[in-house]
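These notes are about the structure you will find just below.
The values are calculated or read from the model by the stated rules, or taken from the named source; none is laboratory data. Just so it is clear, the model here is predicted, and its values are computed rather than measured. Every residue, glycine as well, gets a Cβ built from its backbone with ideal geometry; the counts of neighbours run over all protein chains shown. The area values use the complete protein model at the heavy-atom level, side chains included, leaving out ligands, DNA and RNA. Shrake-Rupley method; radii C 1.70, N 1.55, O 1.52, S 1.80 Å.
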Amino acid sequence: MVSTRGGGAGGELLESIYSVLVLALVLVACVELGDAATAVDVYRLIQYDIAGVPFGSRLAGLNHHAGSSLSTTNADLSRTAVILPVRELNLTLLNEFITSKQPLGGLLLLLPRRTGSRESSEKIHGDSLTRSILVELEKLLIHSYIPYPVYFAFENSKLNSILADVRRSDATGQPASATSGGYKLVVSSWEPKKVSSPTITNIQALAVGSDSNGSGVVALLEIARLFSRLYSNPKTRGKYNLLFGLTSGGPYNYNGTLKWLRSFDQRLRESIDYAICLNSIGSWNNELWVHVSKPPENAYIKQVFDGLSDIARDMGVKIGIKHKKINISNPRVAWEHEQFSRVRVTALTLSELSVPPELLESTGGLHDSRNLVDETAVYRSVKLVAESLARHVYGQQGRNIQIFAESSSLEINPSYIALWLDLLSRTPRVAPFLEKTNSFISALKKELSDHTVDVYGTHESIDGIFTFYDSTTATLNIYQVASVTFDLLLLLVLGSYIILLFCFLVITTRGFDDLINMFRRPPSRKTKAA
Amino acid sequence: MTMFHFVNCVILTFGPHAVYYSATPLSEYDTIGTSVKALVVYLVTTLVKLICLATFLKVSETDTFDPYQELMRTLIGFIDIAGIYFALTQLTHRNISQTHKFQAVGLGWAFADSVLYRLAPLWIGARGLEFTWEYIFQGLEANANLVLNLSLAALVSLMWLRKNKPKTVIPIIYACAVILASMPSTVSYLRKALGWQPLKVVGFELTSSLVMAFISWQLYYACQRQV
């Protein structure tokens, strides 16, 4: 009994306190206190097929331990999700890694903080290195087949501290794994499904991108606003009807333009004098290109180009003309005006790019942010196009008059341009993932209906060779996990604690002999009480 | 992590109860019935305590320490003593000695406390992927709690069941019982008002419970010798 064993138990008690203290110390020594799970919004790399050939990131689900570098050449990375900050990315290494098809658990790329507003843009402005990395990175990732999930996230202090932790443990030669613990990245996501009927909404422009082609959208809105002022007065109404079209699906062979043109009546199509397509006009300095698909000697083209170059001369900017023949057998459509030309409408594209972008290039990538776009460039583009249109509409070709002169009632409004540019830079507009009822589309529609008589939007489905997959965004959970080794150790410690406690209790209450007897004979035997 | 960790935490939380029962003579005298009765009494007592708390205390939105509220909480905590007293005296036990009776009641009491307050958080939390020390500390707390409840049951049985006690130890017994019953409030004071780290709090609980156990055991021993 407790009472009869009084004398000897004082030492035992001390011993048990001691063992508890040791236990506590062991636990403290192992790891510092873990913080709660972190959840981050992540954006998945696009996944698409062209004519059945798969491209992009093919998986969405992620459940691997975090690592910090690709360069651990001999280690097996197939169960590691590598976190790479884009700012310090070693592109050649990544390129090698992807092209040699080495196994990897997943890739998380940390983008520099999102810069949509003008205030924060100053700092980033000089960081042209990051931008060029982004351009290269995008080109690399979009055009390769990557059999693991690739996610993008914006840097924040939490992610940075986790990355620092991961780096520290990597540096000590203990990469995270099931046996050593560390951080675990988990994205619970279903197998990405094909977007059943990707729709494109004509009236609207496409893709995240301030320049490609947010600048074109803004210019179009401003031109529509300017002419609405002229046309609202019956005295200044021109003899032409102006048709404004915001078409979607630009990166996918101008599918939206094609659908839009096909919906035209034959007579309407024939009555079109010419079409001007605006493509990436937000960051040119002194030179703009007019792209045509008919030879420049063509009478109609010459007329329009002369009109534009007259005004350009007055404004002190240079415009050049580039002729590129349409290759009918090639399904790839390089410029938007080619869709017009295919239905025999005289058309040209105004762009700062001197050569047509490759497939999915210059479609408003990560680098294409607001601070890249120069409002004055858009302003000048608007001026150029609006003046030339006005001269054509009112039959004033060749005369040196300014219709949209500064400080007149028809002045171009720079703040209107700036505001719309800001909004466009904040709104991702990737056609296959845009809802039909997206508020941005309605906003554009509303804006155009303020300035024009008749606005209608149509929703068409993208046809052609493209297939898109969903799960573009997800939530990444980062857990700090203990290793299996730690669990085993804990079990061992607990087991010995329980056994020690058992022995201690038996000895203090029944005596040492009983303990010995317990192991010697079947425990069912009733021992006599002390 | 996950299931493995959960099992570890369960061993730490409930293991000592099982060991205490099987290692001590409690198992020989088959006192499980007494423990189960104590468990039921605990449930009723807790219900009464909760009703009292809901009646007399305001719901505090903030996690701050309010002396008046805590005093009320401590007073309500003394209902525990009444509960243990009821379990020890009013219930009909099979003929077992006082020594075994208080142990069985204390064990049942502590076990019920652990099941009620610790099992559900364990099941929900410890199986998550994220590792925290919280559940290990909770398990250690359960250990301290077992020791505290055993001491409290011993003291209560001394107070009302043993008639011929030495006069000198009676005030000490009462003082110790008050200290034990107000232990939850003390811990909450340390945690909230002084802002102690969980590790420090658990350490305090373990040491204080062992010290209190030692004192109450000495008291019990002194009374036993008197007979």
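Here are some notes:
- Taking Cα atoms only, the orientation of helix B:183-192 departs from the longest principal axis of chain B by about 20 degrees.
- Charge dipole (the stretch B:3-226, unit charges on Cβ, about Cα centre) - positive-most of B:GLY139, B:SER151, B:HIS17: B:SER151
- Per-pair calculated FRET efficiency, R0 = 60 Å: A:ARG168 and B:PHE78 via Cβ, rounded to 0.05: 0.70
- Model label sites at B:TYR117 and B:LYS167, defined 7 Å from Cα along the beta-carbon direction, differ in position by 3.9 nm.
- Solvent-accessible surface ranking, highest first, for B:ILE124, A:ILE441 at 1.4 angstrom: B:ILE124, A:ILE441
- Dipole orientation for the stretch A:236-299: of the candidates A:ILE281, A:LEU242, A:ASN253, A:LEU242 has the Cα lying most toward the positive pole (charges on Cβ; Lys, Arg +1; Asp, Glu -1).
- The loop-placed chymotrypsin sites (Phe, Trp or Tyr not before Pro) in the stretch B:125-227, going by DSSP, that have at most 16 neighbouring Cβ atoms within 10 Å of their Cβ come out as B:TRP196.
- Where labels lie 7 Å past Cα in the beta-carbon direction, separation of A:SER408 and A:LYS302 in nm: 3.0 nm
- Accessible area in the full protein assembly, largest first, 1.4 Å probe, for B:LYS49, B:LYS167: B:LYS167, B:LYS49
- Fraction of accessible area attributable to carbon and sulfur, the stretch B:3-226 (%, probe 1.4 Å): 68 percent
- Within the stretch A:256-287: backbone nitrogen closer than 13 Å to the A:ARG344 label point (7 Å, Cα to C-beta): A:266-272
- Most to least accessible of B:SER97, A:SER341 (protein chains only, probe 1.4 Å): B:SER97, A:SER341
- Overall form of the stretch B:19-155 per C-alpha gyration tensor (a/c, 1.5; a/b vs b/c): oblate
- The local environment of A:LEU226, defined by Cβ-Cβ distances under 11 Å, has a net charge of 0 under the rule Lys, Arg +1 and Asp, Glu -1.
- Members of the stretch B:130-167 that become less accessible by 10 Å² or more once partner protein chains are added (1.4 angstrom probe, chain alone as reference): B:GLU130, B:PHE131, B:THR132, B:TRP133, B:ILE136, B:PHE137, B:LEU140, B:ASN143
- Estimated FRET transfer efficiency when R0 is 35 angstrom, pair A:ARG520-A:LEU489 (beta carbons, to 0.05): 0.65
- Taking the stretch B:3-226 as the region of interest, the number of lysine pairs whose Cα atoms are within less than 26 Å, with members eight or more places apart or on different chains, is 11.
- In this label model, B:TYR68 and B:ARG225 are separated by 4.8 nm, measuring between points 7 Å along each Cα→Cβ vector.
- Counted by Cβ distance under 13 Å from B:THR74, the other residues give a net charge of -1, where Lys and Arg count +1 and Asp and Glu count -1.
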